[in-house]
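The values are calculated or read from the model by the stated rules, or taken from the named source; none is laboratory data. A quick note: this is a predicted structure, and the numbers were derived from the prediction, not measured. Heads up, the Cβs are rebuilt from the backbone with ideal geometry, glycines too, and the neighbour counts pull from every protein chain shown. All accessible areas refer to the heavy atoms of the entire protein, side chains included, with ligands and DNA or RNA removed. Shrake-Rupley method; radii C 1.70, N 1.55, O 1.52, S 1.80 Å.
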Amino acid sequence: MFKADWIKPKKDIGEVCPVFLKKFNLSSNVKNATLIISARGVYTAELNGNRVGDFVLAPGWTQYDTRIQYQSYDVTKLLSDNNEIKITLADGWYKGRIKDNFLEEDYTSLFPERECAVIAEIAIKYLDGTEDIFKTDESWLCGESNIRFCDIYDGEIYDASFDARIDEKTVVAENNDKSVLVEQVGEKICEQERLKPIGLITTPKGEKVLDFGQNLTGYLEFSVNASKGEVADFSFAEILDKDGNFYTGNYRSAKCIYRYICKDGEQCHKPTHTFYGFRYVRINEFPEKDIDLNNFTAIVVHSELKRTGHLTSSDPLLNKLFHNVIWGQKSNYLDVPTDCPQRDERLGWTGDTEIFMKTACYNYDVRRFFKKWLGDLRIAQSLNKFGAVPSIVPVSNVTNSGGAAWGDAVTVCPTELYLMYGDKTFLKENFAAMKKWVDFITNDTKHKHLWIGGKHYGDWLELAAPYGAYKGETRDDLVASAFYAYSTSLVIKAGEVLGEDVTEYKNLYKTIREEFIKEFDGNYNTQTEYILSLWFDLAKDPEKTADELVNKIHRDGDKMQTGFVGTPYLLHVLSKFGYNELAYKLLLKKDYPSWLYPVTMGATTMWEHWDGITPDGKLWPDKMNSYNHYAYGSVCDWVYSVAAGINPVFVKPGFEQVLFKPTPTDMIDSLKAELDTDYGKIISYWYHKDGKIVYEITTPTDAKAVINGEIHRLKPGKYVF
Ligand code: BGC
């Protein structure tokens with residue numbers, strides 16, 4: 001446990017980020033040295049002028065009032081005889097506008113006012129066996145850093161011309177609240193890629209705009225030769241409007257400033273305590289008249305995740321969709337799975353997370369990432385006296401429920417993680433929380449055995465809605481009751497894996513199903529209503545219901561009308577009930593509404609709305625319009641598991657056994673899915689050749705392959721059918 005104190009500036013330095021400093025000498029030859037450090041806010045540390053570690057926005061974002069991660073760094077090689085450690089602190093997610101925006105009064109009244117602070121210890125072991133420890137306390141100095149302003153939503157102002165001298169003892173040390181500190185649980189956030197601009201655009205308004213060719217999360221690095229006091233100033237945007245002008249309306253109140261005041265000479269800079277979601281950068285002011293593209297780099301930042309899944313097909317537009325889904329995940333897996341990375345939101349919406357979960361697990365190894373987030377989710381749930389799971393984690397309030405499909409993240413995410421990775425601890429750690437959620441619904445509903453009433457997001461952003469509306473015609477009560485059944489079924493599955501007695505939940509499930517059929521079956525209004533009833537096995541006559549869904553889709557002009565909740569299951573349901581060709585038709589459709597429509601409009605990430613930009617160039621209203629929202633990217637789990645047919649098996653999860661069930665089509669020539677698992681690489685590749693379909697399958701473990709209706713038992717190896 002930390003022996004150090006939390007330290008914070010004694011003087012109010014307003015919006016300026018403080019920097020803390022300590023000089024120390026070593027008494028002997030060092031064997032090894034470790035820095036353990038954390039912050040209420042986000043920190044960077046420098047030892048003798050060298051940045052410690054590569055964690056961006058450390059210590060990450062957790063349910064801060066209950067737990068804050070600390071990091072350990074081996075700093076042996078950075079030490080010399082006389083040392084100086086500097087720690088710069090910014091509000092990060094802990095304070096500032098994001099906190100003001102999302103924390104509600106019932107939460108803030110429960111937890112006292114937040115004050116940013118840092119805590120650090122350098123533990124030295126000498127070769128002679130003696131030890132030293134240098135820790136944050138009242139002896140540290142504090143001053144103003146060059147970062148004159150920094151905020152997650154509003155960006156950074158950096159004054160390189162400011163002489164950041166630190167020569168006063170101006171810290172307050174507090175010895176409280178160290179119990180919140182926990183060792184790093186999640187993945188660290190790191191700089192992952194560097195992109196060069198693909199062009200410099202002069203817009204019709206005459207503005208100079210850098211185009212990085214890819215919507216992303218990160219920041220801009222630039223170099224310049226300038227005189228002291230000259231300014232480099234930038235703005236960020238995801239898209240250009242229909243006239244080709246820079247468009248920032250959809251960032252809402254997020255100012256996303258990046259302003260740099262130069263010192264003399266050659267210099268290079270990037271923000272260090274904030275991030276931006278952007279493809280385009282407008283150069284508002286720059287010391288050099290001629291813009292040299294070589295001097296600008298977009299640095300892509302996200303949680304350190306190993307890529308595991310790859311999809312490629314013969315259709316370039318489909319490949320672009322796969323690319324966009326990957327970039328949606330990269331852009332929004334920044335320590336917390338967020339809805340979007342650009343506007344004044346960037347929050348851990350549970351519904352978005354739940355919807356995308358399976359795709360996320362195919363694309364990347366997200367085990368550690370979710371171990372952390374689910375920990376915060378459980379804390380959030382425990383703060384709610386009724387056991388409700390909130391709509392956002394880290395949570396914004398302690399009274400509301402996230403409602404159907406959002407709160408169900410607590411049952412869906414651990415189940416998918418277990419299935420995809422075979423790690424029982426996901427179920428063990430979350431089982432009590434899963435049950436608590438189902439029990440919460442049981443107590444919350446106005447109707448025994450259905451979830452009637454309560455606040456829900458419905459089939460969020462479905463198309464069966466007036467233009468600009470968030471919610472459509474799908475009934476909340478139906479969505480809620482369907483998810484009540486689904487979550488109960490997941491509690492049963494988890495309980496069985498864990499050897500728990502789930503009789504109570506089995507009875508409950510049976511009754512929910514009966515009541516659902518009584519209340520809703522045969523009386524569906526929207527595509528999503530059909531889809532949920534079918535996918536969660538709640539229709540009395542599934543074949544007939546599936547036929548009706550298909551008729552409904554035809555009546556809707558062979559167009560999907562689904563939102564966040566119906567979309568992830570749409571193609572699954574069609575394929576399951578024998579309408580695979582219609583599933584492909586919807587997947588490959590190029591006109592609005594469809595997955596490929598945004599691709600034809602030049603999208604490089606997933607849009608929040610099917611009609612984020614209409615064919616005539618109209619943008620969805622600024623009030624809620626993101627071009628980097630991964631939710632609809634959930635379609636990729638259908639591509640991996642149905643189209644390419646790579647499936648885990650519940651009794652041998654984590655791909656200890658594989659079920660191959662590819663379902664090809666004549667609409668594309670080929671599809672290949674590759675997946676790295678703990679057992680090795682799985683490949684499913686099908687293509688048309690000489691009027692036939694060839695299947696190439698590689699399995700690292702025992703597998704079952706269903707090819708053209710025939711079952712093949714496979715040992716590890718490569719097979720061609
Ligand atoms: C977010 C969504 C989220 C929704 C819930 C929005 O503002 O961006 O993705 O799930 O609210 O209502």
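Taking the centroid of alpha carbons for each part, region 360-419 and region 549-627 are 27 Å apart. For the set Ile98, Ile683, the ranking by accessible area, highest first and with no ligand, DNA or RNA atoms included, is Ile683, Ile98 under a 1.4 Å probe.
Computed over Cα pairs, the Kirkwood radius of region 1-129 leads via Stokes-Einstein (0.692 mPa s, 37 °C) to a diffusion coefficient of 206 µm² per second. Can you give the FRET efficiency for Lys652 and Ser179, using 1/(1 + (r/R0)^6), R0 = 60 Å, r = Cβ-Cβ distance, to the nearest 0.05? Rounded to the nearest 0.05, the efficiency is 0.90.
Diagonalising the gyration tensor over the Cα atoms of region 56-102 and scaling each eigenvalue by 5 before taking the square root yields semi-axes of 29, 13, 7 Å, largest first. Our coupling estimate for region 451-466, obtained by passing each phi through the Karplus curve with A = 6.51, B = -1.76, C = 1.60 and θ = phi - 60°, is 9, 10, x, x, 9, 9, 8, x, 8, 2, 6, 5, 7, 6, 7, x Hz, Gly and Pro reported as x. For the chain, adding -39500 (n - 2.57) for each run of n ≥ 4 DSSP H residues and dividing by the number of residues yields -8000 deg cm²/dmol at 222 nm. All other residues whose Cβ lies under 15 angstrom from that of Gly717 are scored, Lys and Arg at +1 and Asp and Glu at -1, for a net of +3.
What Kirkwood hydrodynamic radius, in Å, does region 577-668 give when the mean of 1/r is taken over all pairs of distinct Cα atoms and then inverted? About 15.1 Å for region 577-668. Can you give the percent of C-alpha pairs in region 475-591 whose distance is more than 17 Å? Considering region 475-591, 56 percent of its Cα-Cα pairs are separated by more than 17 Å. Per-residue 3J(HN,Hα) values for region 100-109, derived from phi via the Karplus relation 6.51 cos²θ - 1.76 cosθ + 1.60 with θ = phi - 60°, read 5, 6, 9, 7, 8, 4, 5, 7, 5, 6 Hz in sequence order (x marks Gly and Pro). Counting only protein heavy atoms and a 1.4 Å probe, the chain has 37 square angstrom of accessible area per residue. Between amide H atoms placed 1.01 Å from N, distances below 5 Å from Ile257 occur with Gly155, Glu156, all of them 5 or more places distant or on a separate chain. Karplus-derived 3J(HN,Hα) values for region 273-278, using 6.51 cos²θ - 1.76 cosθ + 1.60 with θ = phi - 60°, are 10, 8, 8, 9, x, 6 Hz; glycine and proline are entered as x. Dividing the C-alpha radius of gyration of the chain by 2.2 N^0.38 Å, with N its residue count, gives 1.00.
Note on region 162-290: Cα-only Rg and Dmax are 18.8, 58 Å. Convex hull volume per residue, computed on the Cα atoms of region 516-664, equals 138 Å³.
Starting from a Cα-only point model with no solvent, please compute log10 I(q)/I(0) by Debye for region 310-436 at q = 0.14, 0.22 1/Å. Each listed q corresponds, in turn, to -0.60, -1.27. Scanning residues 5 or more positions from Phe149 or on other chains, those with amide H under 5 Å from its amide H are Cys17, Ile157, with H placed 1.01 Å from N in the peptide plane. Kirkwood radius, region 91-248, all distinct C-alpha pairs, inverse of mean reciprocal distance: 20.9 Å.
A cut-off of 5 Å between modelled amide H atoms, ignoring neighbours fewer than 5 places along the same chain, links Phe236 with Arg282. Shown for region 568-671: the carbon plus sulfur share of the solvent-accessible area, taken with all protein chains present and a 1.4 angstrom probe, equals 54%. For region 370-410, the list of trypsin sites (Lys or Arg not before Pro) that fall in a loop by DSSP and count at most 13 other C-beta atoms within 10 angstrom reads Lys385. Using a probe radius of 1.4 angstrom, the carbon and sulfur fraction of the accessible surface of region 184-257 is 46%.
Helices of the chain meeting both criteria, an alpha-carbon length of 15 angstrom or more along the long axis and an average Kyte-Doolittle score not below 0.5, with helices taken as full DSSP H segments, are 409-421, 476-498. Accessible area ranking (1.4 Å probe, heavy atoms, ligands and nucleic acids excluded), largest first, for Glu696, Glu514, Glu504: Glu504, Glu514, Glu696. Computed as a quarter of the hull surface, the mean projected area of the alpha carbon convex hull for region 417-508 stands at 7.1 nm². Once the mean of 1/r is taken over each pair of separate Cα atoms and inverted, region 245-318 shows a Kirkwood hydrodynamic radius of 16.6 Å. Each listed q (0.20, 0.34 Å⁻¹) maps to a log10 I(q)/I(0) for region 343-386 from the Debye sum over equal C-alpha point scatterers, namely -0.77, -1.17. Percent of Cα pairs in region 70-132 per distance bin of 5 Å, from zero to the largest separation: 3, 11, 18, 16, 12, 10, 9, 8, 7, 4, 1.
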